Amino acid sequence: MTRLVVALGGNAIQRAHDHGTWAESVRQMRRTVPALAELVRAGHELVVTHGNGPQVGNLLREAELGAPEVPAPPMHVLDAESEGQIGYLIAVELEAELRRRRVSRTVVALVGRTEVSPRDPAFRRPTKPVGRFYSASDARRRAREDGWVMAPDPQRGGWRRLVPSPRPRRWLEAAAVRRMLDAGLGAHLVPVVAGGGGIPVVRERSGRYRGVDAVIDKDRTAALVAYALAADTLAIVTDVPGAAIGFGSPRPTWLGAVDPATLGGYLRRGEFGEGSMAPKIEAGLAFLRRGGRRFVVTDIPSLPAALAGRAGTRVERTEPRG
Ligand code: ADP
Ligand code: MG
């Protein structure tokens, strides 16, 4: 069995034009799970991780709008809620799809935490807009009363809260999940881990972990998960069949098999969108540098073919000569 970490992008759960209803999420997940179930049936030891952008965005909006009547939980608690929600959805739909293929596995969704450094420069300069839009006077009040960093959104008018996006340093459940898999439990379980990049926590001097209001890039955490588990392959699944150079031009070149050095060159040249494709490529290259064998970026329909070397963007570690 080859150990495979699949990172599902936001669109595996919710499409861009969806409202985010539960029925839409179920429908979308049902399009996603056949490829995953097929990989398990084919003998891969599967670990799933996923994004949570649209889901945590909705929870935040719900919390803010409900605030006069129900106290709004902090953002790290909403992260936990979104992990529960999405993990539950993956569990129900993936198990059903596995059963159709007569494969017996329990999908175990963890509410997981990711340690970040309180000294990460991101905390001094929050950059990610989250939640609803505020008037200038309400924005000033949130800044004063809650210490929020607020910034105007020139395109949509109004003010939004900015939160930091620190680098994930340590995935807290790593050792436990690694032991589980090394003991052979991958033949019985499919772990769903570090959803939304994991709940961001910082370690206090007492050794206790404290949740912080921040967002963690799920692609960066996916790399961390993949090498913490000594996975063979990291597959980042998104809404495009692969990475392209000249993306957005009339004639993009879709990359198939590409070596790490060439891909790194394209990355430095700015071929990959910041905050979209670039973090995936960075994650893949980081995984290969830290001992991973293979990195794939593709969409759900192409995933099985990509793993068979016939679709998607595929990068393999180049063995050091000697
Ligand atoms: P996810 O939720 O899967 O992380 P993102 O929107 O963050 O999705 O990233 C996928 C998007 O990256 C694609 O929809 C595409 O618009 C964008 N993108 C930017 N640069 C490139 C590129 N060079 N090749 C392919 N896609 C790119
Ligand atoms: Mg993304």
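The values are calculated or read from the model by the stated rules, or taken from the named source; none is laboratory data. Here the structure is a predicted model, which means the values were calculated and not measured. Every residue, glycine among them, receives a Cβ derived from its backbone with ideal geometry; neighbour counts consider all protein chains shown. With ligands, DNA and RNA removed, areas are computed over all heavy atoms of the protein, side chains included. Shrake-Rupley method; radii C 1.70, N 1.55, O 1.52, S 1.80 Å.
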Item to complete: Report, by residue number, each residue of the stretch 236-251 that is of a type outside the set (Lys, Arg) and more than 6 Å from ligand 1 (Cβ to nearest atom).
Response: Ile236, Val237, Pro241, Gly242, Ile245, Gly246, Gly248, Ser249, Pro250
Worksheet item: Can you name every residue in the stretch 197-228 that is part of a loop (DSSP other than H, G, I, E, B), more than 16 Å from ligand 2 (Cβ to nearest atom) and more than 18 Å from Arg124 (Cβ to Cβ)?
Response: Glu204, Arg205, Ser206, Gly207, Arg208
Worksheet item: Within the stretch 218-237, how many residues are open to solvent by less than 30 Å² (accessible area, probe 1.4 Å) and either modelled with pLDDT under 95 or within 19 Å of Ala308 (Cβ to Cβ) (or both)?
Response: 6
Discussion item. With the requirement that a residue be open to solvent by 60 Å² or more (accessible area, probe 1.4 Å) and either within 16 Å of ligand 1 (Cβ to nearest atom) or outside any loop (DSSP other than H, G, I, E, B) (or both), what does the stretch 1-22 give you?
Written reply: Arg15, Ala16, His17, Trp22
Discussion item. Against the definition (open to solvent by less than 20 Å² (accessible area, probe 1.4 Å) and within 18 Å of Gly9 (Cβ to Cβ)), how does Ala311 come out, yes or no?
Written reply: no
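Select from the stretch 194-220 the residues that are among the hydrophobic types (A, V, I, L, M, F, W, C) and under 10 Å from the mean Cα position of the chain (by Cα) and write down the one among them that is farthest from ligand 1 (Cβ to nearest atom).
The qualifying residue farthest from ligand 1 (Cβ to nearest atom) is Ala194.
Tell me whether the stretch 30-39 contains one or more residues that are within 16 Å of ligand 2 (Cβ to nearest atom) and either open to solvent by 40 Å² or more (accessible area, probe 1.4 Å) or under 18 Å from the mean Cα position of the chain (by Cα) (or both).
yes
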Worksheet entry | Unique match (being open to solvent by less than 80 Å² (accessible area, probe 1.4 Å), closer than 21 Å to Glu62 by Cβ, modelled with pLDDT under 95 and assigned to a helix (DSSP H, G or I)) among Arg132, Arg142, Arg161 | Arg142
Item to complete: Give the number of residues within the stretch 56-91 that are in a helix (DSSP H, G or I), aliphatic (A, V, I, L, M) and open to solvent by 70 Å² or more (accessible area, probe 1.4 Å).
Response: 1
Worksheet, complete the sentence: Checked pairs for the stretch 270-281, first over 16 Å from Arg167 (Cβ atoms), second hydroxyl-bearing (Ser, Thr, Tyr) and within 10 Å of ligand 2 (Cβ to nearest atom), C-beta under 9 Å and 6 or more apart or across chains, list as Ser276/Thr238; Met277/Thr238
Practice prompt. Among the numbered conditions (1) modelled with pLDDT under 95; (2) small (Gly, Ala, Ser); (3) over 25 Å from Ala35 (Cβ atoms), tell me where Ala261 comes up short.
Written response: (1)
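Any chance you could count how many residues in the stretch 197-216 are among the small types (Gly, Ala, Ser) and surrounded by 15 or more Cβ atoms within 10 Å (Cβ to Cβ)?
4
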Fill in: Among residues of the stretch 169-192, those that are touching a strand residue (DSSP E or B) at 6+ places or on another chain (Cβ under 9 Å), open to solvent by 20 Å² or more (accessible area, probe 1.4 Å) and under 26 Å from Val40 (Cβ atoms), counted
7
Fill in: Lone unmet requirement of (1) open to solvent by less than 50 Å² (accessible area, probe 1.4 Å); (2) under 30 Å from Arg179 (Cβ atoms) for Ala278
(2)
Worksheet item: Among the listed residues Asp239, Asp217, which satisfies the condition of being in contact with a Gly (Cβ under 7 Å, 6 or more places away or on another chain), among the acidic types (Asp, Glu) and over 29 Å from Gly147 (Cβ atoms)?
Response: Asp239
